[in-house]
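The values are calculated or read from the model by the stated rules, or taken from the named source; none is laboratory data. These figures come from a predicted structure and were not determined experimentally. Using ideal geometry, Cβ is built from the backbone for each residue, glycine included, and neighbour counts are taken over all protein chains shown.
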């Protein structure tokens, strides 16, 4: 039965939940397809995640391999193909709990970096799973800085082979997914040497395990890197190469080739390849970053209307904890951020699709801007969402700490996103480099890409808000964000110039300004996110209450951002002390307003109970019964050998015999 | 691997330090004699083969519980054998044995035994204390229920007195009333002190404590009427069998109610307790431990992240030069050094609360409890402030270690999952902040009604003076001296005063608009929490500054002064809005603060490794491959990984079960 505390929340929704779900999916037809995929996956017991929280690393890995194998069968059965409309929903339906994800990266890198001949040879083998691929770039001692990789591939003209080596311990490949136990092949990135000359990093296809009995190939040492915070189902691995020989044809050679005589030839433009790598950062946002935050919000908000604690008014029933202002302050800004990032993700996807079309027409003009946006937003969104999930976890008090809440595993998984595909600080500095360059160009009257034209329009004005309602005006808050972004970029640019003019070397000056540069990049992304949310809201249909509730969330996202960073807005007097009090007042009002629709707003994310896999967050709100039932399934409730071995002698005072 | 020499980078770092780390260690321990004794106890544990075991990262939860219970049993025996009885020394011994992790006997030793001592009658002590001391009885403390934590009065478990048999009948009437979370309850304990609503003669007399046998002595099977078990896997606390307990018409004799204070007579007559303010003392003590734990957990994370950042090289700072240590990047220093300064600040705050508590508890026996309410209010806020900050700081340290921080071999995931529940237990942090706020509001009201307040809130007395001179605050702006910690203490004081006043005024405005006090309080609680945070922040800066004068060695004092300045200035740079809005600092001064912070990063850089060495964590206690004292990180990561459970066999069984059949079919 439905918990009445949740029913009452749903009865008072100010908008149509189904319409909002369709908006998030990009249309009612998409919602239908997604639900069909979810239904097909969740009704199949092989894909069940029911016992996940009780499994060991070995059991998790085995289940993931089993699911990956079964998925092939399922796709065939259902008629799903990699190019079909269902495909993108499969991963979401599995909650990512499946092996061989790197197999796709392996295939993509061959498609992008390989010659036509190589594609014709390897792609069919991979498609039919005659081999299982991985992607070995990161080393024990090297991640961010690709040029620093130490693995070597030396061309031997006599035998027409590359000889691969791991010259020292820090050069060992470390972290690649699926490599510890599963993969038979991997793409190894190594420093290419021909006739004693180093040509830099190149990709090579290397077989690491036998296709017969899965034993390691000669010269290969490989294994699992051991337990991590999450991804227990993935065998992240290590790889040591000792005089491993591969044929000349195994160097992926779309862009660079070593001819039989050892001549090194560079051909074509690598820009499209560079673009592909940039795209990965955007493609991970939806499934790896937004979904966990949306799930965490769903769990924490539903639980916060079921959980009652202390009294707000004497003599009354204990209050729902979501009625406490301090609980609203924790959760509702995360909810607003989830929507804000959903819309910025839509915007980025569209921009990248346009960029892709342009690049196919050999127009590379958009590349620097796309690179800056993908770096900055990958960093901003992963950082915000990771912090958001952790806030949701702690907002659920003690029960949030139980694995059965689902929150710890959401958190430990999402937080890896702050590091993979580019460490966030490094990425923000890349965005900052673009901003500084564009700012200098704009100051010199040169044209700059659309997303940064605002840098040229420096107007040192003041915020024009007269009362707290003015802070609900997108014009007012968007301009405030713009002002801060311009100020941080321009002042850092000036500082850099000052340092360089005073004789500091360029790279030293850069390092001395990096703290400020990171702030400028964040401010830039925050401004664009706010602006995009406001523009999206304006275009929404006014029917069914959708636009109104989205306007509230947009206001909350913007005003909360000011409230949590007042210094940036007060600095230089753009916002006055009195205006900042108005911001606070507006912010607190918005918490109370969005509180009313909090449960319908998370219902609209449309996660099934199975996909949430949380005793606290189920749709029916039967929190306590579920917690009790699930706990009893724990393996720790089988009689432990600890009693006979240690407790009994302890209790019987025969300790000395231990 | 044992013969490996020290990593050259770390050797260089240590040689370049401007002070002697062991002198700073003495400051942290409270004198060279304390350091000597701590290391002596540490050696007792580390040299004892009984306390050795496989890396816990490779064990299942059941195995980890088993290891913990084995070590706990031995620990109790050896503590008595060695005659270690001082509470702090017991704490050291325990934390070396369990390497900073919780253990199944924590509640028995930390709650069950002390509760017997303070709340049992002499007759009850005769019956229960010695068996419990000898571990024939193992007990836990069952307060929290599935549906109730913070609000004690809301607990639902009932104990109904039956005069005909002179027994209490215990019941868990609803699912939400099931006892949930008590440590050691799931598998270990055979008794529990249960908190329940007492009913006698048809009336509810509120919460009381009862000694309840839950498992059969001898077989350890649950007794009839008792349902007990483990609550399942958690984020951390793998060693601890947090449990559930459900009671159905379960009868215990009248004599099992803890009756030193309140009593139920054989006929059911209830005798009220004399007022008992001493419970304040216990709460202050436990919360002071959490402040100390915040400091230690953050120190461990900083030790790992800073040593690793000195060993790790990446990218290039100068074209053509070798890859630099990542600790040379300003962004890395900006992540780690403020946390290092914070760890030191929290050490001194923890020591202050502990000392103040001991001083006041001396007074309790002589009847002077006047300082206790303030200390109680202050420790609530400091517990929340330090645990929130340390919680976030540990994560920042882990993140600063990049991908390798995510591996369990870094040790930081373990520190995090062990520490993070302290934001919730012993008083949920937001609730704690609001308790401090209540005290601040009370003090503010006293001041506005013309009374003087004393202690840490005495700055509120100045508010009335400022009202007479409206230019006062603005005039203060130019006087803040960025290199003088005492001047920064004044700036924090002004900020706290302003936020307390602003919260008080908003509260008053809400009260003028609405009927209920509770409603007004709730609608101001965001402001109230901010006020409490500002107050705690002020107290911490003040205590850190005060500590400097006590340090005799000039080199140590110099480096601590740098850290103190960094702590204070970084706090300002992170909260510039408060200082700007109140007119305490101008925009130009904020720019100077930001600049000064960056200069201090460079000043602290040469001493960074020595500053974490001073925390003096043994490698075994640190439990981190990245944070090893000798810095031989990569070799040992490889050694560690080879022991992973997935590497037990060369070809994993999944290959034969799933992979091979698939390849055959496709």
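Remark: residue A:53 matches the filter, which requires a residue to be in contact with a helix residue (DSSP H, G or I) (Cβ under 8 Å, 6 or more places away or on another chain), within 10 Å of chain B (Cβ to nearest Cβ) and touching a residue at least 40 places away in the same chain (Cβ under 8 Å). Of all residues in segment A:180-187, none satisfies being surrounded by fewer than 17 Cβ atoms within 10 Å (Cβ to Cβ) and not in a strand (DSSP E or B). The listed residues are B:202, B:206, B:225, and the only one of them that is at pLDDT below 95, more than 14 Å from chain A (Cβ to nearest Cβ) and more than 22 Å from residue B:108 (Cα to Cα) turns out to be B:206.
Among the residues making up segment B:412-427, those that are in contact with a helix residue (DSSP H, G or I) (Cβ under 6 Å, 6 or more places away or on another chain) and not in a helix (DSSP H, G or I) are B:424, B:426.
Looking only at residues of segment A:139-154 that are in contact (Cβ under 8 Å) with a residue 40 or more places away in the chain and more than 13 Å from residue A:200 (Cα to Cα), we find that the one that is surrounded by the fewest Cβ atoms within 10 Å (Cβ to Cβ) is A:144.
Considering segment B:266-288, the residues that are surrounded by 14 or more Cβ atoms within 10 Å (Cβ to Cβ) and modelled with pLDDT of 90 or more include one that is nearest to the chain's Cα centre (by Cα), namely B:270.
Out of segment A:418-434, which residues are in a loop (DSSP other than H, G, I, E, B), more than 8 Å from chain B (Cβ to nearest Cβ) and in contact with a helix residue (DSSP H, G or I) (Cβ under 6 Å, 6 or more places away or on another chain)?
A:421
Is one or more of the residues making up segment B:14-35 within 11 Å of chain A (Cβ to nearest Cβ) and surrounded by fewer than 17 Cβ atoms within 10 Å (Cβ to Cβ)? Within segment B:14-35, not a single residue is within 11 Å of chain A (Cβ to nearest Cβ) and surrounded by fewer than 17 Cβ atoms within 10 Å (Cβ to Cβ). For segment A:318-326, the count of residues that are more than 14 Å from chain B (Cβ to nearest Cβ) and at pLDDT 95 or above is zero. Taken together, the criteria exclude residue B:354 from residues that are modelled with pLDDT of 95 or more and more than 9 Å from chain A (Cβ to nearest Cβ). All told, residue A:110 meets the bar of being outside the structural domain of residue A:218 (by the TED database), in a helix (DSSP H, G or I), farther than 29 Å from residue A:58 by Cβ and within 28 Å of the chain's Cα centre (by Cα). One residue alone among A:187, A:194, A:206 is within 27 Å of the chain's Cα centre (by Cα), away from chain B (no Cβ under 13 Å) and farther than 24 Å from residue B:409 by Cβ, and that residue is A:187. From the list A:103, A:76, the lone residue that is in contact with a strand residue (DSSP E or B) (Cβ under 8 Å, 6 or more places away or on another chain), in a helix (DSSP H, G or I) and outside the structural domain of residue A:296 (by the TED database) is A:103.
In segment B:65-107, of all residues being closer than 20 Å to residue B:625 by Cα and in a helix (DSSP H, G or I), the one that is nearest to the other protein chains (Cβ to nearest Cβ) corresponds to B:97. Residues that are at the interface with chain A (Cβ under 7 Å from one of its Cβ atoms) and in a helix (DSSP H, G or I) within segment B:390-411 comprise B:399, B:402, B:403, B:406, B:408, B:409, listed in sequence order. Looking at segment A:498-602, the helices (runs of 4 or more DSSP H) lying wholly inside it that each contain 1 or more residues that are away from every other protein chain (no Cβ under 14 Å), in contact with a helix residue (DSSP H, G or I) (Cβ under 9 Å, 6 or more places away or on another chain) and at pLDDT 95 or above sit at A:514-539, A:546-563, A:577-595.
Consider residue B:620 carefully, then state whether it is out of contact with any strand residue (DSSP E or B) (no Cβ under 8 Å at 6 or more places or on another chain), surrounded by fewer than 14 Cβ atoms within 10 Å (Cβ to Cβ) and touching a residue at least 60 places away in the same chain (Cβ under 8 Å). Even if it seems obvious, please write down each step before you answer.
Values: out of contact with any strand residue (DSSP E or B) (no Cβ under 8 Å at 6 or more places or on another chain): yes; surrounded by fewer than 14 Cβ atoms within 10 Å (Cβ to Cβ): yes; touching a residue at least 60 places away in the same chain (Cβ under 8 Å): yes.
Answer is yes for this residue.
On the basis of being under 31 Å from the mean Cα position of the chain (by Cα) and within 30 Å of residue A:66 (Cβ to Cβ), does residue B:637 make the cut? The answer is yes for residue B:637.
Here is a yes/no grid of residues against (1) buried (at least 16 other Cβ atoms within 10 Å of the Cβ); (2) assigned to a strand (DSSP E or B):
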residue: B:176; (1), (2): yes, no
residue: B:188; (1), (2): yes, no
residue: B:204; (1), (2): no, yes
residue: B:209; (1), (2): yes, yes
residue: B:219; (1), (2): no, no
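Each row is one residue, and each column tells you yes or no for (1) surrounded by 17 or more Cβ atoms within 10 Å (Cβ to Cβ); (2) in the same structural domain as residue A:149 (by the TED database); (3) part of a helix (DSSP H, G or I).
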| residue | (1), (2), (3) |
| --- | --- |
| A:234 | yes, yes, no |
| A:238 | yes, yes, no |
| A:254 | yes, yes, no |
| A:261 | no, yes, no |
| A:275 | yes, no, yes |
| A:280 | no, no, yes |
| A:286 | yes, no, yes |
| A:290 | yes, no, yes |
| A:296 | yes, no, yes |
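For segment A:401-410, the candidate set comprises residues that are touching a residue at least 24 places away in the same chain (Cβ under 8 Å) and facing chain B (nearest Cβ under 8 Å); within that set, the residue that is nearest to residue B:388 (Cα to Cα) is A:402. Tell me, please, whether a residue that is surrounded by fewer than 21 Cβ atoms within 10 Å (Cβ to Cβ) and touching a helix residue (DSSP H, G or I) at 6+ places or on another chain (Cβ under 6 Å) can be found in segment B:575-586. Checking segment B:575-586: at least one residue is surrounded by fewer than 21 Cβ atoms within 10 Å (Cβ to Cβ) and touching a helix residue (DSSP H, G or I) at 6+ places or on another chain (Cβ under 6 Å).
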